[in-house]
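Contents: one structure, followed by commentary.
The values are calculated or read from the model by the stated rules, or taken from the named source; none is laboratory data. Note that the structure is predicted; figures quoted are calculated from it, not measured. Methodologically, a virtual Cβ is constructed for each residue, glycine included, from the backbone with ideal geometry; neighbour enumeration extends over all protein chains shown. Quick note on the areas: whole protein, heavy atoms, side chains included, nothing else; ligands and nucleic acids left out. Shrake-Rupley method; radii C 1.70, N 1.55, O 1.52, S 1.80 Å.
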Amino acid sequence: MTPIIDEIRAHRIEAFESKDNNAPVCFLATNDAQGQPQVRTLVLREINDTDLTLFINASSPKWEQLQSNPQCQVLLWYATLNIQYRITGKAELLPTSAITDNWHKRPHRAKVLDYFYDTVAPQSSTMASRDALLQRFDEINRKLSPEELQPSPAALGIRILLEQIERLDLTEDGLPHLRQRFDFINGGWSETTLVP
Ligand SMILES: Cc1cc2nc3c(=O)[nH]c(=O)nc-3n(C[C@H](O)[C@H](O)[C@H](O)COP(=O)(O)O)c2cc1C
């Protein structure tokens with residue numbers, strides 16, 4: 001039994017049903033080599049009993065950051081439900097097989113970009129101009145046949161092993177907001193009340 005995880009899953013389904021723009025995504029925070037926090041939006045692929053899964057590219061700064069410091073946080077904010085989850089964990093690489101099916105379902109543009117990162121320039125690096133970028137993208141696109149494309153080895157699946165979950169629920173009418181922390185200890189979740 002993992003009630004807190006079941007609750008997150010249920011809230012996410014509710015967020016999808018209420019057409020919350022944040023339902024498909026999460027916000028991943030890492031630290032770079034200078035200790036500077038770095039946060040970005042990612043599609044949240046799965047919520048499992050002990051981890052969350054995300055897909056990234058190996059050429060990206062976030063992968064370098066997670067390799068040198070796997071401790072990270074994932075934030076979920078469902079505005080339609082007035083609920084925030086702040087999730088602390090440790091990143092780990094998933095086997096390549098974890099992304100294969102999903103990679104094939106990606107839009108062609110996204111697949112070509114993975115090859116762009118491999119052969120032209122890493123994700124988040126600089127280009128001389130937008131025109132220069134589009135020209136190189138077009139060159140690669142012409143060479144790749146959509147039917148024959150295979151997942152780039154740099155397309156990675158990662159899991160964030162869950163350590164702590166904090167929930168802030170703003171829906172308590174007239175009362176202080178409900179704030180709880182859940183710590184994963186000895187294979188189970190222990191719950192603590194926090195001052196909101
Ligand atoms: C709605 C949305 C979804 C995104 N999903 C992903 C994703 O699943 N994987 C990914 O690597 N980047 C995704 N991005 C792009 C990232 O936010 C980010 O710009 C990119 O990964 C580079 O991040 P980095 O420079 O911190 O490594 C998404 C951006 C938005 C706005």
>> Between residue 100 and residue 177, what's the calculated FRET efficiency when r is the beta-carbon distance and R0 is 41 Å? Round to 0.05.
In response: 0.45
> If the chain between residue 168 and residue 135 were fully stretched, how many nm would it gain, using 0.36 nm times the residue separation less the Cα-Cα distance?
Replying inline: 7.2 nm
> Per residue, what accessible area does segment 108-152 have, given a 1.4 Å probe and all protein chains present, in Å²?
Replying inline: 68 Å²
>> Run the simple label-point estimate for residue 68 and residue 120 please: 7 Å along Cα→C-beta, distance reported in nm.
In response: 2.8 nm
>> Per residue, how large is the accessible surface of segment 1-96? Use a 1.4 angstrom probe and give square angstrom.
In response: 51 Å²
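Counting only C-alpha contacts under 8 Å and six or more residues apart, can you give the relative contact order of the chain as a whole percent?
22 percent
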> Could you give me the ³J(HN,Hα) list for segment 50-64, computed from phi with Karplus coefficients 6.51, -1.76, 1.60 and θ = phi - 60°, whole Hz, x at Gly and Pro?
Replying inline: 10, 7, 10, 10, 9, 10, 9, 10, 4, 7, 7, x, 5, 5, 4
> About the Cα centre of segment 108-152, what is the dipole size in debye to 20, counting +1 per Lys and Arg Cβ and -1 per Asp and Glu Cβ, all else neutral?
Replying inline: 120 debye
> Any number yet on Rg/Rh for the chain, C-alpha, Kirkwood?
Replying inline: 1.02
> So which lysines can residue 143 reach, going by Cα to Cα under 19 Å and dropping same-chain residues fewer than 8 places off?
Replying inline: 111
>> If you wrap a convex hull around the alpha carbons of segment 108-152, what volume per residue comes out, as a whole number of Å³?
In response: 67 Å³
>> What is the percent carbon and sulfur in the accessible area of the chain, measuring with a 1.4 Å probe over the protein chains and ignoring ligands?
In response: 51 percent
> Hey, what number do you get for the chain at 222 nm if only DSSP H runs of n ≥ 4 count, each worth -39500 (n - 2.57), divided across all residues, to the nearest 500?
Replying inline: -9000 deg cm²/dmol
>> If you fit an axis through the alpha-carbon atoms of helix 3-17 and take the longest principal axis of the Cα set of the chain, what angle between them do you get, 0 to 90°, nearest 10?
In response: 60 degrees
> Counting Lys and Arg as +1 and Asp and Glu as -1, each charge on the Cβ, what is the dipole of the chain about the Cα centre in debye, to the nearest 20?
Replying inline: 580 debye
